[in-house]
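Below is one structure, written out as structure tokens; comments come after it.
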Amino acid sequence: MAIVRKSEIKDIPRILDLYRQLEITTSTAEEGKQPTPGDYRKVFDCIKSYHGMEQVVAEENGEVVGSLELIIIPNLSHKGLPWALVENVIVDEASRRTGIGRMMMEYAVSQARSNGCYRISLSSNNHRKEAHKFYESLGFQGTSIGFRLYL
């Protein structure tokens, strides 16, 4: 049976393995950069200390098979209610269509609700059509066009 939990330092190598399964466009700031385990440890420590941010993993039979990042963001609009942002959702290819992604997203929605958020948002690359169908099956609506600028 799978569980969803906050990540631990020991999970970093597996989370990074999962991210390698994504086709990620890199920015010029990333070109030539080869992070060390110490660099990732600093990032992990920052995530852990950042109020409202969680790196979440799904674990099945003792192995991490999925991950996402959840951020609860304070907000002056919408009567001061916070909102939630989910990023970097990944489920191992061998574990897709088994309910792991649904469990992780249900966890994120539950956390957003318990923190009084008025909405939860996520972004997904335009070419990830299967992921879009998955998010829509959970009740998410494609509502806007996003823009980005790589630095």
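The values are calculated or read from the model by the stated rules, or taken from the named source; none is laboratory data. This structure is a prediction, so every number in the text was calculated from the model and none was measured. Here the Cβ is made from the backbone with ideal geometry for all residues, glycine too, and neighbour counts use every protein chain on show. The protein model used for the area step is the full one, side chains on, heavy atoms only, and it has no ligands, DNA or RNA in it. Shrake-Rupley method; radii C 1.70, N 1.55, O 1.52, S 1.80 Å.
Worth a mention:
- I3 - accessible surface, heavy atoms, 1.4 Å probe, Å² rounded to 10: 80 Å²
- Of the chymotrypsin sites (Phe, Trp or Tyr not before Pro) found in the stretch 67-125, the ones in coil according to DSSP and having at most 15 other Cβ atoms within 10 Å of their Cβ are Y118.
- The magnitude of the dipole of the chain, with charges of +1 and -1 set on the Cβ of Lys/Arg and Asp/Glu and taken from the Cα centre, is near 440 debye.
- Cα gyration tensor shape for the stretch 1-85, rounded if a/c is under 1.5, else prolate or oblate: oblate
- Under-5 Å amide H pairs with R119, H placed in peptide plane, nonlocal only: A84
- L138 sits with roughly 50 Å² accessible to a 1.4 Å probe, with DNA, RNA and ligands left out of the calculation.
- Three-way shape label, the stretch 88-151, alpha-carbon gyration tensor, a/c 1.5: oblate
- Calculated [θ] (222 nm, deg cm²/dmol) that DSSP helices of n ≥ 4 give over the chain, each run adding -39,500 (n - 2.57): -9000 deg cm²/dmol
- Look at the Cα gyration tensor of the chain: its axes a ≥ b ≥ c give a/c under 1.5, and that counts as rounded.
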